[in-house]
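The values are calculated or read from the model by the stated rules, or taken from the named source; none is laboratory data. This structure is a prediction, so every number in the text was calculated from the model and none was measured. Neighbour counts run over all protein chains shown; Cβ positions are idealised from the backbone, glycine included.
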Amino acid sequence: MDVLPLARLTRRAAEHGLDLRWPGRAAFHHLLTVAEGTVKLTVDGEPVPVPAGAWLWIRPEQVYRFDQSLEHTQGTLILFQPGLLNPATIAAAGVDPPYARGALRPTAQEAVPIDRTLALLMEAYGETGALRLEAQIELVRHLLAALVLRLTHLYGRERGGHEPSEAFRAFHAAVERDFAESRTVTDYAGALGYSSRTLTRACLAASGVSAKRYLDERIVLEARRLLFHTELTTAAIGERLGFPRHTAFSKFFRHHTGETPSDYRARALGRGQGRL
């Protein structure tokens, strides 16, 4: 885990041989909040502005890039490994897909306890020698859990308080694991013991789209991430995603996005370059 001011992030990245102008694929959870102004990022190939008072949660495997200098930016970034939170916190937080897109802005009433928890976390993280190391680690872990629990309330509000069904959670997990191997809902239905109709109803309730569209959008998302983050050819990306021919991948991508893979890569990589 790490907690650092946004203004130090550019220097910190350079120390590790990283350039924030180029897309990176997150290996950790990133919790970002801005105190003044607006921070502009590109996440999974799409622009995401984060205004003052807002939070952005970048999850592992998402591809992101900062589209502006951070040297004079007021804000905080918290990085933590996926396994840092204990199972009870993960279950209570209910951080389930579908994930809210873009930044979330707490109301004035919601911001008070969130800001207080963040301040306590930063204070505990910065303390040295006040507690035994093991005790300090546990304190920081508990305060992070408290912050996550408060932030997940915002995601629940975005969903209107509706929790995804077990059928949707099972389908989502199976899609995450197998989307490059199977592109038919009937395959997932058979493997999970649900009917295709049940999976579609579950997806419509949780995400507003059918099971087929949910699966297709996951494949498109991975294609966008690979086009944005890697130098793989479009043919190699199509092969990685399970398409037997390059033309089949290009046709699929264009059908769902309205542009060719090459055009998308040029557009996504061109946005924001040269601003740092």
*Please identify the pairs in which a residue from the range 212-223 that is part of a helix (DSSP H, G or I) has its Cβ atom under 7 Å from the Cβ atom of a residue that is surrounded by 17 or more Cβ atoms within 10 Å (Cβ to Cβ) and aromatic (Phe, Trp, Tyr), counting only partners at least 6 apart or on another chain.*
LEU215/PHE179; ARG218/PHE179; ILE219/PHE179; VAL220/PHE253; GLU222/PHE179; ALA223/PHE253
*Among (1) within 29 Å of GLY208 (Cβ to Cβ); (2) of a type in the set (Val, Ile, Thr); (3) at pLDDT below 85 - the single one THR128 does not satisfy*: (1)
*Sole residue being touching a residue at least 12 places away in the same chain (Cβ under 8 Å), part of a loop (DSSP other than H, G, I, E, B) and loosely packed, with under 14 Cβ neighbours inside 10 Å, chosen from PRO82, PRO106*: PRO82
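Residues checked against (1) surrounded by 18 or more Cβ atoms within 10 Å (Cβ to Cβ); (2) basic (Lys, Arg); (3) within 24 Å of ALA248 (Cβ to Cβ); (4) assigned by TED's automatic domain parsing to the domain that holds ILE90:
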residue: HIS172; (1), (2), (3), (4): yes, no, no, no
residue: ARG177; (1), (2), (3), (4): no, yes, yes, no
residue: SER196; (1), (2), (3), (4): no, no, yes, no
residue: ALA202; (1), (2), (3), (4): yes, no, no, no
residue: ILE219; (1), (2), (3), (4): yes, no, yes, no
*asked:* Which of the numbered conditions does LEU77 fail, given that it passes all the others? Conditions: (1) assigned to a strand (DSSP E or B); (2) within 13 Å of the chain's Cα centre (by Cα); (3) in contact (Cβ under 8 Å) with a residue 60 or more places away in the chain.
replied: (2)
_Against the conditions (1) part of a helix (DSSP H, G or I); (2) under 22 Å from the mean Cα position of the chain (by Cα); (3) not assigned by TED's automatic domain parsing to the domain that holds ARG105, where does SER250 fall short? Just the number, please._
(2)
_Could you check the range 168-184 and list, in sequence order, the residues that are under 14 Å from GLU217 (Cα atoms) and among the basic types (Lys, Arg)?_
ARG183
*For the range 2-17, how many residues are out of contact with any Ser or Thr (no Cβ under 9 Å at 6 or more places or on another chain) and in a helix (DSSP H, G or I)?*
6
*Within the range 233-247, how many residues turn out to be touching a residue at least 24 places away in the same chain (Cβ under 8 Å), in a helix (DSSP H, G or I) and either surrounded by fewer than 16 Cβ atoms within 10 Å (Cβ to Cβ) or of a type in the set (D, E, K, R) (or both)?*
1
*Exactly one of (1) buried (at least 16 other Cβ atoms within 10 Å of the Cβ); (2) within 26 Å of ARG224 (Cα to Cα) is unmet by VAL34. Its number?*
(2)
